[in-house]
Amino acid sequence: MVHVRQGGARRAPSAEVRALLAGAATDREVAAAGRPDGPAELRWAAAVARGGSGHYAAAAALLDGVRRDPSTGVVPRAHATVTRASHLRQLGGHRAAAALDGATLRLVLPGAGTPGDPGPWGLDRAAAVADALTGLAADALGRLDAATAAVLLRRAGPWCGPHGHRTRVRHGWVTAETALVAGDPAAALAAADEALAGARALGSARHVLKSRLVRAVVAGVAGQVRADVVAELDAVAADALVHGLLPLHRPALLARADLTGPAPGPDGAPDPAGGGPDAVPARPHRGRRGADRAMPEAGSGPVAGARHAGASPFDTRGRRAGAEGRRHAVLHTVSVLYTRSDRSGRELLRE
């Protein structure tokens, strides 16, 4: 069970909840946690896991169930709402996400008191405030409004807790992206490094992998050795497939293609067979890993048989240039091809 104390007090999640939030739970464990008669907090954590694997429609059903349940408390409802906003934002729905982030803030800010330590995994009211403000900053950045994003990040900072907290890691991602859009790659790299170190301290495989992706994109813009950046993006894409974290696979390939163009085929020429960066294995590995274990480091190898951007209908090369193009690759995380999505997913893709 999750030990809950309302108000601004910390929550100490169980190993089950930590595994769900970290991307370390198996499919069977996620399904069990998402039972409609289960605790609201456990269903929310299951929705986080569903979103992390790219099953946004399933995640939305879980989150809507939590939000509409009359027995759900204010704090779990707030976390469900801000998570729904995050998933919409990953699919490019910044306007819809901003509305939900704002609703979360109106729900939890009254009575939140002064900023406090939300605890490493961020399950209390302070964490919901931090997530909503950071989400609003990311929503502004989706409109390329770096000035507004910077203001919101400053407001969010005191609510995020210290280094190694989930909310602080998320704050670091958006800080890095904001600096990138504002044309300050050095500041972006510093923020990305801090986020990666914090994710490793937290011990969340999913947060480590996302932090590696953000850092690699920033490093490419900052002019670091291209071969090293490409190798890390290949490693991130491969690790994302191995661990079933598909929303991180595609943007890694998009960012790689933005740096280098299509990957070479067996004969050394660009692969014309393409089909886009969404190729996935028939059965991605979903084995459990401890929540305190980080993802493999760079150098774990390229994506075997993956087809990079070039023939994808979602290819972003040529539409945007420079930092904006790389920003697009990170923000517009489309984890499931339109043709493989259900009706709800297709509506989100058309948003």
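Where a number appears in this text, it was derived from the coordinates with a stated rule and is not lab data. Just so we're clear, the structure is a prediction, and the values are computed from it rather than from any experiment. Glycine also receives a Cβ, built like all others from the backbone with ideal geometry; neighbour counts cover every protein chain displayed.
For this structure, a couple of remarks:
- Residue order, fewest to most surrounding Cβ atoms within 10 angstrom, among 228, 124, 37, 234: 37, 228, 234, 124
- In terms of surrounding Cβ atoms within a 10 Å radius of their Cβ, 71, 14 rank from fewest to most as 71, 14.
- Taking the C-alpha atoms of the range 112-171, convex hull volume expressed per residue in Å³: 65
- Our note on the geometry: Cα centres of the range 6-72 and the range 100-175, 20 Å apart.
- Taking 131, 64 and counting other C-beta atoms within 10 Å, the order from fewest to most: 64, 131
- DSSP-assigned coil residues among trypsin sites (Lys or Arg not before Pro) in the range 105-172, each with at most 13 further Cβ atoms within 10 Å: 143
- Entry note, the range 1-156: relative contact order of 22 percent, from Cα contacts under 8 Å with a spacing of 6+ residues.
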